[in-house]
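Quick note: the coordinates plus some simple rules give every number you see, no bench work behind them. Quick caveat, the model's predicted, so the values are computed rather than measured. Here Cβ is always computed from backbone atoms with ideal geometry, including for glycine, and neighbour counts include all displayed protein chains.
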Amino acid sequence: MAKEQRSTKWTFLFYKESVPEDYLNILEELHIPFILSPWHDKDVNRQTGEFKKSHKHGAFFFDSLKSYSQVSNIISDKLNGPAHVEVVMSPTGLFDYFTHAENPEKTPYNIEDIEVGCGFDLDKFLMEVKTSDFIHEVVDIIEENDFTEFEELVWYARANNTNLLGLIIERTYFFAKYLDSRRHNPNRFQATNTEEKDNDE
């Protein structure tokens, strides 16, 4: 990776044996939104079969572009961590790596042990990570309830799942268009009329 690459999202790690005990306070004083994985204390070295040193993975979310060296210096100076840092290419991949959610062969870690600070919004982050899952869920809800009006979807989400309501608000255009297409789909009318006729019989 080019040392002068710049990004607003960088990931890093530090070890339990060398990080200051008040690492959370140190991070808070930097005023950079951050997220930290649970302590990875059950990772096994595949070559030796021994446990790796207990460590945390973390990520900074800057409000402006930062270089490799800028972030590397923060980690080595403030947390006594390895100087190597990497650009976060995928928030979803980062989160999965934190908890080993997508690696059943590895020890899973508890999402409750994730630490955040400096205004990092974990709920919003998790929502973004799971957006594709939520979109599928909302489409299923529309189909299962035969919704054709945006209002119906909003009231359903408001009553049953406020996280879904947030997603619906963010993706209003998509869901409104989807509902429009359902409302005006001639095949839907045909299917509905056939069902009604069967029920009458």
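Given a cut-off of under 8 Å on Cα pairs at least six residues apart, what relative contact order in percent is computed for the chain?
Numbers: 236 pairs, mean separation 43.8, N = 201.
Relative contact order comes out at 22 percent.
Would you work out the charge dipole size for the chain about its Cα centre, treating the Cβ of every Lys and Arg as +1 and the Cβ of every Asp and Glu as -1, and quote it to the nearest 20 debye? List each step's numbers first, then the result.
Values: 21 positive and 37 negative charges, 235 e Å.
Its charge dipole is roughly 1120 debye.
Past the 18 Å Cα-Cα mark, which pairs from K42/K78; K16/K53; K16/K56? Mind dumping the intermediate values first?
Working: K42/K78 25 Å; K16/K53 8 Å; K16/K56 8 Å.
Checking Cα-Cα distances, K42/K78 exceed 18 Å.
Stokes-Einstein at 37 °C, 0.692 mPa s, Kirkwood radius from Cα pairs: D for segment 131-193 in µm² s⁻¹?
Working: Rh = 11.9 Å.
So the translational diffusion coefficient is about 276 µm²/s.
Can you figure out the FRET efficiency of Q5 with N25, using R₀ = 35 Å and their beta-carbon distance, to the nearest 0.05? Can you show the working numbers first?
Values: r = 30 Å, r/R0 = 0.85.
Plugging the Cβ-Cβ distance into 1/(1 + (r/R0)^6) gives 0.75.
For K106 and D133, what does the FRET efficiency come to when R0 = 30 Å and r is the distance between their Cβ atoms, rounded to the nearest 0.05?
Numbers: r = 21 Å, r/R0 = 0.71.
Given R0 = 30 Å and the Cβ-Cβ separation, E is 0.90.
Using all Cα-Cα distances in the chain, what percent lands in each 5 angstrom bin from 0 up to the longest?
1, 6, 12, 14, 13, 12, 9, 8, 7, 6, 4, 3, 2, 1, 0, 0
Quick one: if the Förster radius is 35 Å, what FRET efficiency do W39 and S69 give, using the C-beta to C-beta distance and rounding to 0.05?
Values: r = 28 Å, r/R0 = 0.79.
E(calc), rounded to 0.05, equals 0.80.
Quick query: amide H of K66 versus all other amide H atoms, modeled in the peptide plane; which residues come in under 5 Å with a sequence gap of 5 or more or a different chain?
Sorted by chain and number, the residues that satisfy this are S7, T8.
If you place +1 on the Cβ of every Lys and Arg and -1 on the Cβ of every Asp and Glu, how big does the dipole about the Cα centre of segment 6-120 come out, in debye to the nearest 20?
On the way: 11 positive and 17 negative charges, 83 e Å.
Computed charge dipole of segment 6-120: roughly 400 debye.
Given points 7 Å out from each Cα along the Cα-Cβ axis, report the K52 to E144 separation in nanometres with one decimal.
Each label point is offset 7 Å from its Cα along the Cβ direction, giving 3.8 nm.
Which length gain, in nm to one decimal place, applies between S76 and V88 when the Cα-Cα distance is subtracted from 0.36 nm times their residue separation? Working shown, then result.
On the way: separation 12, 0.36 × 12 = 4.32 nm, distance 1.84 nm.
The span from S76 to V88 would gain 2.5 nm if fully extended.
Using the Cα gyration tensor of segment 26-133, with a ≥ b ≥ c the square roots of its eigenvalues, what is the shape: rounded (a/c below 1.5), prolate (a/b larger than b/c) or oblate (neither)? Each step should come with its number before you reach the end.
Working: a/c = 1.82, a/b = 1.17, b/c = 1.55.
Oblate is the answer for segment 26-133, as a/c is 1.5 or above yet b/c matches or exceeds a/b.
Once you put a point 7 Å from the Cα of A176 and another 7 Å from the Cα of D113, both along the Cβ direction, what distance in nm separates them?
For A176 paired with D113, the spin-label model returns 4.5 nm.
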